[in-house]
Each structure stands twice: as C-alpha cells, then as structure tokens.
C-alpha cells in the first residue's frame, strides 16, 4: 500500500507538471508545485510510528491538502493528485471525517478548472467523482482487511494459548485419572485380601488356639500351637500388605490431614507472583469414612484445586468438610474469575470441554454422590460435593442418568477432627 502510494504520487505529480507546462504554466512554477507535492508526501513516510499513533499523520494529511490546493492554484492540471488524497483519507481518517475531507477535495477538483478557465465539463465532474468513490472505497476496504488480519492474529494467538493450557490440563487430569484408577484397584485388592485371606487366617488362628487348649494329646497340642503361630505370622504379613495397598495420601492422619497437605502444596505452587491463601474447615462430628469415599473426595479436591490454580486467578480458596446427616459434603469456594456456568453445561452435554469437572461428576455418581456448581464471570466459583458415608453400588447406566445433588450452604467453620483410621488398615479381630 505504501509503495503504491509513492508510485501514484510520483506518477500524478510528474503528469501534472508535464500537462501544466504544456498548458502554458511557467516551467519553474510547475516544477516547484510538483516537487512540493512529492516532498510533502515523502515527509509523511518518514514520520515515526509513535508520532503517527498520536495523530501527527492526520495533520500531515491536512498539510498535504493545503500544498495540493496551492499547486491547483498554480495549474488546474494538478487536480489529479486528488485520487491520492482520497486514498489517504480512507486510510488515515475516521469514516465521518474521511467523507468530509473527501467532499472538500472534490469541491476543489470541481472549482479548479472553473477558477482558471471560467468553465468545466461533465467529464471533469463525474470522472473525479466516480474515481474518488472508488479510491476511498478501496482504501477503506484495505483498512478493514488490516483490522481483520490483526483480529485473526489475536484470535489465533489466544487459541494457541488456550490449546496449550488445555493440553496441560488434559495431561494433569489424565495423570490424576491414572492415579485414581491405580488407587481404586489397590483399595479393592486390599479390601478383598482383608475380607478373605485375613479373615481366614484369623479364624485358623483362633481355632488352633482353642484346639490346643482342649487337646490332651501333647503332639497334637504342639502341632496346633505351631499352626497358631504360623497363622499369626501370616496374618501379620497380610496386615502389612493391606496397609501398603492403602492410598498414600490417606495412610497417615486421614482425609483432613491429606486435604491440609494438598492445600499447602497448592499455596506453594501458586508462588509469590500470584499468592493464594487457603483455609480448611472440618466438622468435629464427621465420622470415619470408608476408603472409597475418602479417595473420591480427595481426588475431587485435587482436580478442583488444580482448576483454581491454573484458571481461576484466585487470591483465596476455602475448603470445608461437613457432616451432613448420613452424607459427607465437601465445599470448595474461591474468589477467582469464575466462568459461564450455562455455557459449561452446554459443553458438558456436547462433550467438547470441561474434562476436569466431568470426571469429578462421573466419579461421584459411581458412589451415589452428586456435584453442585455455582459460578458467574467475575464472581468466583463454589463447588459442593455430596457423597453418602456408606455408598451403595451404582450401575453405570443409572450413574449416567441421575445423581443426588445437595444445595450448597455456607461453609462450616470448625476444627479438624481426630485422624480417622482407614477401615482397610484396622487390625483384623
């Protein structure tokens, strides 16, 4: 566009000088007018970008029009420079002022021949009019193409960033899902060992002890005592295996301690540039929870806190663990940017996004639980999870259709209960 403008300026100025000299204009005056037009036009190309951004280009265009009017006063042959002015007006001026400027230029084009020759022709009126409309339209179209290109570039950059964030989130969620699957399988195996092998060894131990106490045969009593010792030793090994198979986050001080450690890690990962303050409130009346419930709540909190850290831009997040009459409720509330909840629901139905919350909801439905979300852009997000303390198995078909969802009350401010011992790590009676 800029190269074309320079070519047009040089060509029209040269034609104007030649036609002016041919029409009887003094050679010096014609050359000075042509050089002035070219010099002013070239000076505009030398303006720094900062000066152009602050409106200097508009004043340069006004000065260019003044130089052109002076050249038209020397010879009407310079009116053809008006096409360049119309191109520049469409590019540099807003639409309304561009039309006003173009109208003034057209008036000079019409009046120039009349002032010099006392008359004009239809060709001198309609030719420039049609050409001016075309030039102004071309310039405005080019400007719109530039804006569209800049917008496409911005959208492409935004889409690339979103794609990278989505890839990172999907990797993190895939890792969480693999960990959750491994923990669920380990928990199932530990429960099966506890309910079968451990119980059998415990029974063998008790029977051997009772038989040894009642037996009058010394050899039989000694054999039963050895059997009792062997069963006790094997039972100890089974207990250690069951303890080793329990989820790592829950092997020390229960769900409350695991959540507390998770919140500490979240604060550390947020860093100093975007500090995040966390709080944990646990009901004192919360009973010991089955391992599947603890694992589901822990993984739900993990996914939700990952979303807070990656996307919410929050400065505070509050996690509450509440005893809710036969159910346990986990509330996670942040003061971040929030999101469009109806749009998220539509994405969930179409299966196009929101993998983290979709996975959370699917995991909870397997336990007969539910998920309630409240959010709006700029107003933070509140997630409330409700799971029965003693869940009944839910078939995959029914899990897809219905799940109980509890409304989210205000978080309960209470102290953490004593660590709950996992059922799979209790000693076998």
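Here are the numbers:
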read-out: Highest to lowest packing among 258-266, 367-375, 153-161, scored as the average C-beta count within 10 Å; value: 367-375, 258-266, 153-161
read-out: Cα gyration tensor, the range 147-238 - rounded (a/c under 1.5), prolate or oblate; value: prolate
read-out: For peptides 34-42, 114-122, 277-285, sequence by mean Cβ density within 10 Å, most packed first; value: 34-42, 277-285, 114-122
read-out: Alpha carbon convex hull of the range 2-120, volume per residue in cubic angstrom; value: 86
read-out: Between the range 180-235 and the range 95-109, the Cα center-to-center distance that results, in Å; value: 101
read-out: Gap separating the Cα centres of the range 145-159 and the range 3-34, nearest whole Å; value: 41
read-out: Extension gain from residue 168 to residue 279, taking 0.36 nm per residue of separation minus the Cα-Cα distance; value: 37.3 nm
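Bear in mind that the values in this text are calculations on the coordinates, not laboratory data. Note that the coordinates shown come from a computational prediction; the quantities given were computed from them, not determined experimentally. Backbone-built Cβ (ideal geometry, glycine too); neighbour counts: all protein chains shown.
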